[in-house]
Amino acid sequence: MTASAKTRVLVVDDSITVRMHIVELLEADPAFEVVAQAANGRQAIELCERHRPDVVTMDMMLPVMSGLAATEWIMAYCPTPIVIVSASMNRGEVFRTYDAIAAGAVDVVPKPTTAADAAWADRLKFVLRIAARIKVVTHPRGRLRPSSTPSFPAVSPPPPSRAASVRLVAVGASTGGPGAVRRLLTDLPVGFRVSVVLVLHIGEPFDATLADWLDAQSPHRVVFATDGEALFDGPPRVFMAPAGKHLTIREGRLRLATGPERHSCRPSVDVLFESVAADVGADAVGVLLTGMGRDGAEGLLAIRRAGGHTIAQDEASSVIYGMPRAAVEIDAAAAVLPLDAIGPTLGRMAGGGKR
């Protein structure tokens, strides 16, 4: 797609009202062209193959074939950027939204509360423009039997650059983050003895149950952080920043605050990483995963300058290489690794770690 070309969109929703609302707002913008509309998942697959759109808006609750199943098939056989547009806040349906992101969908936008929601329309068009530029890759998940587990190529991760004494792992991610974090946690060895602190950008209201979804997807306990909780007491866990609050570490305790946004983000990866550098220093590992923008780059550099080990996800395995690229450009990452090498590398580094 050239810079001057229209963004070609396939709109998928079983509600004629919602579908026509999306179609009308896109067709009113000369930057977009709606190439087709689908009312169920099977139609979505057929029309995606026929029209090869730049991006798809995908509802989750569809007849004939669900939005999740359609997403898995499209990403396996006809890779196309998909933006989930969903209204359901039912826990099970939100989990399916996360599953769709893990299967390759790029982002999620809630359905509008009113037809005249101009802010929502601007948000949807912004996300679609960004998503359409992403060079998505084939995801094997949709080609597997339901009971199968994806097999990934074996990677022999490089050894850490020093014999690390690891007390804490700090992770940041944005666009493509739920799937990347899920993969990282799944790849960490069972019995991993080091706690993880996590900032993951995802829009409200879908972030409310993200910790529960990650907890169900991996053998490691994932919880939302609570203010004042002792970080190093009790069994290791993954502590995730809740929506709208910065997560920091101070004197070995988790702290939550509603300070100014950083890079238009709250929680911010930079805010977390800088506090980790100050409080944990050389005993920390910082990991910056896929995401748009620069959040986390300066914070990763702070961890490196404090003597900690730093890792950035590589371009080939990132949905968007913005945040990791920004870190690489300022020499904040001691190692740049494919996603499937990061978990095993952390496992090796923390083998002699302490709590």
How about the stretch 179-266: which chymotrypsin sites (Phe, Trp or Tyr not before Pro) there are in a DSSP loop, with at most 16 other Cβ atoms within 10 Å of their Cβ? F232
Once label points are set 7 Å from the Cα along Cα→Cβ at both R50 and Y77, what is their separation, rounded to one decimal in nm? 1.5
At what distance in nm do the modelled label points of E229 and M61 sit from each other, each positioned 7 Å from its Cα along Cα→Cβ? 3.1
Multiply the residue gap between R129 and T17 by 0.36 nm, knock off their C-alpha separation, and tell me the result in nm, one decimal place. 38.0 nm
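Quickly estimate the mean residue ellipticity at 222 nm for the chain, helices only: each DSSP H run with n ≥ 4 gives -39500 (n - 2.57), and the total goes over all residues, rounded to 500.
Values: 11 runs with 119 residues, N = 355.
That calculation yields -10000 deg cm²/dmol at 222 nm.
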Please report the spacing between the Cα centers of the stretch 10-70 and the stretch 182-244 in Å, no decimals. 33
Simple spin-label model, 7 Å along Cα-to-Cβ: R348 to S264 in nm? 3.9
For E251 and R221, what is the calculated FRET efficiency with R₀ set at 22 Å and r taken between the beta-carbons, to the nearest 0.05? 0.45
What are the ³J(HN,Hα) couplings of the stretch 220-234, residue after residue, when phi is run through the Karplus curve with 6.51, -1.76, 1.60 and θ = phi - 60°? Round to Hz, x for glycine and proline. 9, 6, 10, 9, 6, 5, 10, 5, x, 5, 5, 6, 9, 8, x
Shape call for the stretch 276-318 from the C-alpha gyration tensor, a ≥ b ≥ c root eigenvalues: rounded (a/c under 1.5), prolate (a/b greater than b/c) or oblate? prolate
With a ≥ b ≥ c from the Cα gyration tensor eigenvalues, square-rooted, and the rule rounded for a/c under 1.5, otherwise prolate when a/b > b/c and oblate otherwise, the stretch 225-355 is oblate
For the stretch 1-56, what class follows from the C-alpha gyration tensor (a ≥ b ≥ c being the square roots of its eigenvalues): rounded when a/c is under 1.5, otherwise prolate if a/b is larger than b/c, else oblate? oblate
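Quick note: the coordinates plus some simple rules give every number you see, no bench work behind them. Being a predicted model, the structure only gives us computed values, none of them experimental. Ideal geometry is used to build each Cβ from the backbone, glycine not excepted, and the neighbour counts take in all protein chains shown.
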